[in-house]
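In what follows, a structure is listed as structure tokens, so that the remarks can point back to it.
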Amino acid sequence: MIHPFVLFVLILIVFFYGPQLGAQEKTFRQWNQLQPSGITENKEPQFNFLRPPSLVWQQKLGPGHSMVLVDNNGFGFCHYLLRTDEVVRKFSLETGKTSWEKKIPVRYQAFNSEYAGPHATPAMVGNVIIVVSIDAQVTAIDVETGATLWNRDLCTDFGTKLPQSGYASSPMIGDGLVFIPTLGQSQPSETETYVPIAQRDSTKSPPGMIAVELETGRLVWKSNSFRSSHASPILVEIGGYPTIVIHGMFELIGLDPKTGRIVWTQLLRRQAADNVSFTPVWDAKNRQFLLTHGYCENGTQAVAVSRDPSGNWSTKVNWMNRQLKSVHTNGLIQNGIFMAINREPATLLVGIDAATGTTLFRQRGFGKGNLVQLGENLMLMNEDGNLIFGQIGNQKFTKSWKVKALDANAWTIPTVTRGDVLLRDSNSLKRFQFQKRLP
């Protein structure tokens, strides 16, 4: 089973975002360099993606499923478990050599060894990298030196209750603030039914999300409480109004990034569901959010959100499709097709017309995995360690190549940048590189 970290995850997830965004509806790159869909806007035609990448170097790595970051100066950043500490490491992308290591003592161990280590993918802007440990410690680290700038403990400071697999939501940075899900009320039992946010007593429960200053960690705002999930937040401008959006246990929720006020909600399910973890995908063309959940009878839903000139919000479910129910994997939209892997027992790659909700294709032979867009192409990393590449048409995915790149429990979305592919599983970190095209 793929771990809830993959949200998103989150979430998610190299430096570029692929969908064509309208003038008034766009995802903010300045708010967070990490995007939840694992989509890259490939501007490098000099690399030949039609042939498998070659291994450049590999090294041992401790447990964890946090994604690898790459900055613009030739350095990478990884986050893993080493005995009773989580370690954040800066390394040379060229050689893999360590520049610095930061150890963060952790108090919580996952109930299952497969879930050991950090799950949340860090966020980075300027000279600051923000990491969140499995026990919900938020640490700001100086990118150049590895020194701790500040630390906040979500459990101690805000009453966060950890789920059995630990903290998994990824932070988001924007406008000098760090936005962090605090999980609100603890994970409910599957027998719990929906209660509207307005009818809940938020004074007795932790906030659903907080915002702190990037430079100091000082609390700026905290939201009302809402039921927790493993999903990560995204920030989208809708009708000229920036909105933080998060997939909660029962609702899709929109918050004002300046105040933390909940400005809209859309009910998704009335019964609590296990392991809600899918980070929504913004479909700018149709002005809707696409999300899916494997343990909810509604499957995949498209939620339209709009704001009129008077400031009134409205939401509605445009369509539902029960042929795609994804668990702990990501999704993306490419050329108007929403794609994700359907949950077991039939692990199918499913493509849905984003405008209508009509199923376009369902294909076997991929296993559970996460998707990355490379220009007009698609790459999939499955949990067995196979890297698969091909092209998407209206009726099917056409495979170009498949290589064994990692061992089992390869649950982390690849990081793709400048022709490099950084892959990790629970034991190793590897750098692959695509060949350059001939002149």
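No value in this document is a laboratory result; all are computed from the given coordinates. For clarity, every value in this text was computed on a predicted model and none was experimentally measured. A quick note on method: Cβ atoms are made from the backbone with ideal geometry, for glycine too, and the neighbour counts reach across all protein chains shown.
Structural remarks
- Counting only residues at least eight positions apart within a chain, or on another chain, the lysines with an alpha carbon under 26 Å from that of Lys161 are Lys102, Lys103, Lys204, Lys222, Lys258.
- Eigenvalues of the alpha-carbon gyration tensor of the stretch 242-323, scaled by 5 and square-rooted, set the equivalent ellipsoid semi-axes at 22, 15, 11 angstrom, largest first.
- Taking 0.36 nm per residue of separation and subtracting the Cα-Cα distance, full extension of the segment from Asn127 to Gln391 would add 91.3 nm.
- Proximal charge balance of Asp157 [Cβ under 12 Å; K/R count +1, D/E count -1]: +2
- Distance between modelled label sites at Ser113 and Arg218, nm, 7 Å Cα→Cβ extension: 4.7 nm
- Local electrostatic count at Pro105 - Lys and Arg +1, Asp and Glu -1, tallied over other residues with Cβ under 14 Å: -1
- Distance from the stretch 369-437 to the stretch 127-168 (C-alpha centre basis), Å: 29 Å
- Segments 159-170, 423-434 sorted - mean Cβ within 10 Å per residue, highest first: 159-170, 423-434
- Cut-off 18 Å (backbone N to label point 7 Å along Cα→Cβ of Glu101), residues of the stretch 399-439: 425-430
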